[in-house]
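Asker: The structure is given below, and queries will be raised subsequently.
The values are calculated or read from the model by the stated rules, or taken from the named source; none is laboratory data. Just so we're clear, the structure is a prediction, and the values are computed from it rather than from any experiment. Cβ: placed from backbone, ideal geometry, glycine included. Neighbour counts: every protein chain shown. Each accessible area value is taken on the protein alone, full model and side chains, heavy atoms only, with ligands, DNA and RNA left out. Shrake-Rupley method; radii C 1.70, N 1.55, O 1.52, S 1.80 Å.
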Amino acid sequence: MSASAPITQDVMTIPRKQPEGGKQNLIGLTRDGMKEALQAAGTPEKQLKMRSGQVWQWLYEKGVRDFDLMTNLSKSYRALLEEHFVIEIPELVTKQVSEDGTRKYLVRIAGGHEVEVVYIPEEGRGTLCVSSQVGCTLTCSFCHTGTQKLVRNLTAGEIVGQIMMARDDLGEWPELGVPNPPEARLLSNIVLMGMGEPLYNFENVRDAMNIAMDPEGISLSRRRITLSTSGVVPEIARTAQEIGCLLAVSFHATTDEVRDKLVPINKRWNIETLLDALRAYPKASNSERITFEYVMLKGVNDSDEDAHRLIELIKGIPAKVNLIPFNEWPGSPYERSSNNRIRAFSDIIFNAGYASPVRKPRGEDIMAACGQLKSETERVRKSKRMIEREAGLS
Ligand code: SAH
Ligand code: SF4
């Protein structure tokens, strides 16, 4: 693989329209998409708004998966839906529960591919870490997902379907018509920090998040959704405009030389270009800060000088710095910085006026922590030597 390979985007995308003759999945269609689909199936124009609203509520507010249970629709209309559509979310294959309560789900999607989804319960809230691709075309040298060769973009239905599957498992669909208040929710927050680079699958991620935010459905506020990107600069402004969620950036280094090795997309859009895009991120304000994720790698990016350089770089951007102790995986070419080093680094950032929490690794015993995700069934993997070569370590 050449040095420029990591930034190519040679990814299989499932066609957004179903092939002729096949039944179309209603899950993942936007509001407009749903209307179009219902119209094409024969819903009279003047009923369209009402019908699509009713179906939408059954699917996303009540969690119903069976047309027969949609009792405010006539029998004949239910039969029409049955004839043209299916209601499909990813299939839950296995669930592992960590000692700390973290749940890791392995789900199967069309084509037999599998992705991982992680639910992290916390005091008064619960966060679902959602995947946007099978594998990832980028090859960040510290990330397990980046070693998976096979990549395919998830559809919008497969992305929002992960949220629906988790709500099934948590038993969190409200009793008919009584929505849960956000503060009482088990699944209250979404982070797009699972497998894949969400901004390399922009449209599907956008549509899925807009479905999740819709007030007549899953109804999560945009402030409870955080999208993490490795730095796909051209899509950053669109993220604010078309999704409006919070943004996290996998920063991880304070010089281009080191970032080129850790996050190879830096060769395409370097630190300065990335920071310019973040400064312009329209939603950035003191209440909606950008999260700078920074993985702590022993002897690579964790010196006091790095901490001071980081402060200089992010000056002027409403920011917080999330320090992530490196999570090891079989064959990983790095080591985690010591606790003392992480604390010293965090203190420097904190003393400069930025929140600098250290992310507590969750679900490590079940390989559910950040960067450990990689479905074992995708057996094709790169060799250790290849990983090291790409990291510039050999
Ligand atoms: N592709 C996106 C989102 C998924 S990764 C991105 O890179 O931002 C979620 C976070 O986990 C990223 O900040 C990523 O850099 C970090 N990460 C990846 N591998 C890790 C590891 N082994 N240990 C700790 N954090 C890791
Ligand atoms: Fe892909 Fe993110 Fe992993 Fe990099 S850190 S390889 S962008 S999933």
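Asker: Select from segment 291-318 the residues that are at pLDDT below 95 and open to solvent by less than 10 Å² (accessible area, probe 1.4 Å) and list them in ascending order.
Answerer: Across segment 291-318, the qualifying residue is only Ile317.
Asker: Identify all residues within segment 209-242 that are at negative phi and within 15 Å of ligand 1 (Cβ to nearest atom); write none if there are none.
Answerer: Result: Met209, Ile225, Thr226, Leu227, Ser228, Thr229, Ser230, Val232, Val233, Glu235, Ile236, Thr239.
Conditions (1) buried (at least 20 other Cβ atoms within 10 Å of the Cβ); (2) of a type in the set (Phe, Trp, Tyr); (3) farther than 30 Å from Asp32 by Cβ, marked per residue:
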| residue | (1), (2), (3) |
| --- | --- |
| Phe67 | yes, yes, no |
| Lys75 | no, no, no |
| Ile89 | yes, no, no |
| Ala110 | no, no, no |
| Val115 | yes, no, no |
| Arg125 | no, no, yes |
| Cys140 | yes, no, yes |
| Cys143 | yes, no, yes |
| Ala156 | yes, no, no |
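Asker: Also: Working only within segment 52-71, note down all residues that are in contact (Cβ under 8 Å) with a residue 24 or more places away in the chain and in contact with a Phe, Trp or Tyr (Cβ under 7 Å, 6 or more places away or on another chain).
Answerer: Result: Lys62, Gly63.
Asker: A further question on this structure: Given segment 186-282, what helices (runs of 4 or more DSSP H) lie entirely inside it while holding 1 or more residues that are buried (at least 17 other Cβ atoms within 10 Å of the Cβ) and away from ligand 2 (no atom under 16 Å from the Cβ)?
Answerer: The helices (runs of 4 or more DSSP H) meeting that bar are 202-213, 271-279.
Asker: The conditions are (1) open to solvent by 20 Å² or more (accessible area, probe 1.4 Å); (2) away from ligand 2 (no atom under 15 Å from the Cβ); (3) not aromatic (Phe, Trp, Tyr), and Gly331 fails exactly one of them. Which is it?
Answerer: For Gly331, the exception is condition (2).
Asker: So, of the residues in segment 140-163 that are among the hydroxyl-bearing types (Ser, Thr, Tyr) and within 12 Å of Met195 (Cα to Cα), which turns out to be nearest to ligand 2 (Cβ to nearest atom)?
Answerer: The extreme case among them is Thr145.
Asker: Working carefully through the options Leu150, Leu92, Leu138, find the one that is assigned to a strand (DSSP E or B), in contact (Cβ under 8 Å) with a residue 60 or more places away in the chain and on the phi < 0 side of the Ramachandran plot.
Answerer: Only one candidate qualifies: Leu92.
Asker: What's the total number of residues in segment 118-135 that are away from ligand 1 (no atom under 11 Å from the Cβ), in a strand (DSSP E or B) and under 26 Å from Glu99 (Cα atoms)?
Answerer: Of the residues in segment 118-135, 8 are away from ligand 1 (no atom under 11 Å from the Cβ), in a strand (DSSP E or B) and under 26 Å from Glu99 (Cα atoms).
Asker: Also: Six or more apart or on different chains, Cβ atoms under 6 Å: show the pairs whose first residue is in segment 210-235 and assigned by TED's automatic domain parsing to the domain that holds Thr127 and under 28 Å from Arg279 (Cβ atoms) and whose second is charged (D, E, K, R) and open to solvent by less than 40 Å² (accessible area, probe 1.4 Å).
Answerer: Ser230/Glu197
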